[in-house]
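Right, one structure below, let's go through it.
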Amino acid sequence: MTGAPLHAASDTASAAPPAWPIPALQQALAAQLPGGSVEVLERIDSTNTELMRRAREGHCAPTLLVAEQQTAGRGRLGRQWLSSPGDSLTFSLGLPLAPRDWSGLSLAVGLSVAESLQPELPASALPLKLGLKWPNDLWLADDRKLGGILIETASFVLPGVGSGFPSSLWAPAAATAARYVVIGIGINIRPRDAQGFATPPACLQDIAPEMDAPAALLRLLPPLLEGVQAFAAHGFAPLRTRYAARDLLAGREVLLSDGASGVAQGVGADGALQVQTPAGLRAITSAEVSVRPRTSAAGAAAVAVAVAGALADAGAADDADPAATAVPPAAPPSKAI
Ligand code: BTN
C-alpha cells in the first residue's frame, strides 16, 4: 500500500477520525460482502490505481478504499480527476465479479448513486434533478457535472468453494469470466472554482446543503453494494425504466466524438445509447465514441466538439490535460469499462 493510512477497519475504533463512520461502513460492507474491509487514507495517488495495483499483486478481497486526497486522481479517457480534501468524496470499491455481460455496469452504478443521493425526483425545477449523463457522469439538470465514475477490471482467478466469497457475486454460467472490478467514484461535495473546466462543476451541497462526504458515502454505499450484486445477477435490462427517469440526454441533440450528431433516444437493454442520426438509429457503446449534448440545458452554444482519441472534454472535476495522467501498467490484463 502506498498511501498514508488514516484508519483501517482492523484498527481500534478510537483511532478513527470522527468524521468517517468507519464501523457503520464496515458493517454495510460485511453485510453484503463477508470478508471485505474498509480503509480511509489521508492521501494516495488514486484509489483506483491502488486497488488495481493490489489486484495485480493477488489481493482480490472486497475492499472499500476512501481517500481524503488523491495526488493523481484519474478520470475516464485518460483525464485527470482533481479534488481537494474536504471538497469531494473520492473512493473505490473493489470486488471480484462475474456478470454474464459487463455492459451497462457504469450506468447501473451511476443510477444507484443518483437515487441514493436524491431518492425523490424533484416535482419542480428546484431543487435541480440529479441525473445521469451517459455513460459515466452524474450531472445536475442544468448540465453541471456533480461527479464521475471510473470502472476498471483486472483478471482474477476465482477462489475455490468455501473461500468465503459470496456466490451471488457471479452468475454461475459465467464463473470463468470472473474479474476483479474496481468501481471508482468521485463526487464534488462543496462548491469549487469553475475555472479550467469545460463542463461547469456542480456540488452535492447545491441540492443537499447539509450533506458532507462521510454522510454521502454512508448513504450511497449499501444501495451501491446491492446494486452491483443485482447487476451481476440480472444485468442492466431491469434498470432501463429507472435509468430513463434520470437520463439527461434523452430527446436532446448530441455530438459524437466521431463527428456524427443526432438525437439521443434513451438507452437499450444493454445500456448502449440510442442515437437517431440522419443515417439511421445508432447504438453507441462507450468504447466507441464519447457524447456531449449539442447545447447546454440553459440553451447555450455547443461547449466542445470531442475528437475521438484526443478529447478536449473536461468534466466537473477533471482537467483537460490527458498527458499528465498516470495510467497503471496493463499486465495482467486490465480494462476500463
Ligand atoms: C470521470 O468523470 O471521468 C470519472 C472520474 C472518477 C474519479 C474517481 S475519484 C475515486 C477514483 N479514483 C480515481 O483516481 N478516479 C476515481
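Remarks
- Verdict on E50 being crowded, with 24+ Cβ neighbours inside 10 Å and within 13 Å of the ligand (Cβ to nearest atom): yes
- Whenever a residue of the range 82-98 is within 13 Å of N188 (Cβ to Cβ) and among the acidic types (D, E), its partners that are more than 10 Å from the ligand (Cβ to nearest atom) and in a loop (DSSP other than H, G, I, E, B), lying with C-beta atoms within less than 7 angstrom and at least six residues away or across chains, give the pairs D87/I189; D87/R190; D87/R192.
- Options L273, L218, L225, L204: the member that is more than 15 Å from the ligand (Cβ to nearest atom), open to solvent by less than 10 Å² (accessible area, probe 1.4 Å) and within 24 Å of L25 (Cβ to Cβ): L225
- Hey, A72 in contact (Cβ under 8 Å) with a residue 60 or more places away in the chain, in a loop (DSSP other than H, G, I, E, B) and hydrophobic (A, V, I, L, M, F, W, C) or not: yes
- Answer from R76, R56 - the residue that is within 8 Å of the ligand (Cβ to nearest atom) and open to solvent by 40 Å² or more (accessible area, probe 1.4 Å): R76
- Residue under evaluation L121, criteria (1) more than 10 Å from the ligand (Cβ to nearest atom); (2) among the aliphatic types (A, V, I, L, M); (3) within 10 Å of the chain's Cα centre (by Cα), criterion not met: (3)
The values are calculated or read from the model by the stated rules, or taken from the named source; none is laboratory data. As the structure is a prediction and not an experimental result, all values here were calculated from the model. Here Cβ is always computed from backbone atoms with ideal geometry, including for glycine, and neighbour counts include all displayed protein chains. For accessibility, only protein heavy atoms count, side chains too; no ligands or nucleic acids. Shrake-Rupley method; radii C 1.70, N 1.55, O 1.52, S 1.80 Å.
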